[in-house]
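Structure first, commentary second.
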Amino acid sequence: MEKIYIDKETLIFEAGQKADCVYLIIDGTVGIHLPTNNTTSPDFILSENEIFGEMGIINNTLRTAKAVTISKSSLVKISKDEFNKKLSSCDPFIMGLIRVLVSRLSDMIKKQ
């Protein structure tokens, strides 16, 4: 895990990129833009104690959205290996539930 500081209006990742880490917001705000969004306004705004970038790692797929800081932000960057290690230690039922929910959400995003 690594704590990083990012300036306002900085691109963190784009849809289609390899999912190599997950982020936890310590301070600040991050906008999530779905590929179907043709505006500068984010589809979702995330803030303190929220996680993003997890879907590609859980599903072993490419990023499904673009993430851009809305304000100056402090994040914890968790590598794919660290995140998977944490997931592998949870109850198999919970892990299965997480995978199903992420898969359903990914399918919904693709249909938009």
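Rule-based calculations on the coordinates, nothing more; no lab input. Please read all numbers here as calculations on a predicted model, not as lab measurements. Because the Cβ atoms are built from the backbone with ideal geometry, glycine has one as well, and the counts that use them run over all protein chains shown.
Values for this structure:
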{"quantity": "Convex hull of Cα atoms in the stretch 54-109, direction-averaged projection (nm²)", "calculated": "4.7"}
{"quantity": "Under Karplus coefficients 6.51, -1.76 and 1.60, residue-wise ³J(HN,Hα) of the stretch 94-101 in Hz, glycine/proline x", "calculated": "5, 4, x, 4, 4, 4, 5, 5"}
{"quantity": "Value of [θ]222 nm, deg cm²/dmol, for the chain, DSSP H segments ≥ 4, -39500 (n - 2.57) each, nearest 500", "calculated": "-9500 deg cm²/dmol"}
{"quantity": "Cβ-derived FRET efficiency at R0 25 Å, ASP107 paired with LEU11, nearest 0.05", "calculated": "0.45"}
{"quantity": "Cα Rg over Rh - the stretch 22-72, Kirkwood", "calculated": "0.97"}
{"quantity": "Sorted peptide list for 29-42, 82-95, 54-67, criterion being average Cβ within 10 angstrom, highest first", "calculated": "54-67, 29-42, 82-95"}
{"quantity": "Dipole magnitude (debye, nearest 20) for the chain, charges at Cβ of Lys, Arg, Asp, Glu", "calculated": "300"}
{"quantity": "Under Karplus coefficients 6.51, -1.76 and 1.60, residue-wise ³J(HN,Hα) of the stretch 31-47 in Hz, glycine/proline x", "calculated": "x, 10, 10, 6, x, 7, 7, 9, 10, 8, 7, x, 6, 9, 10, 10, 9"}
{"quantity": "Space enclosed by the convex hull of the alpha-carbon atoms of the stretch 1-41, per residue, Å³", "calculated": "86"}
{"quantity": "Mean Cα-pair separation over length for the stretch 2-111, i.e. relative contact order, pairs under 8 Å, 6 or more apart, %", "calculated": "37"}
{"quantity": "Relative contact order for the stretch 50-112, counting Cα pairs under 8 Å that sit 6 or more residues apart, in percent", "calculated": "41"}
{"quantity": "Translational D in µm²/s for the stretch 1-96 (Stokes-Einstein at 37 °C, 0.692 mPa s, Kirkwood Rh from C-alpha pairs)", "calculated": "239"}
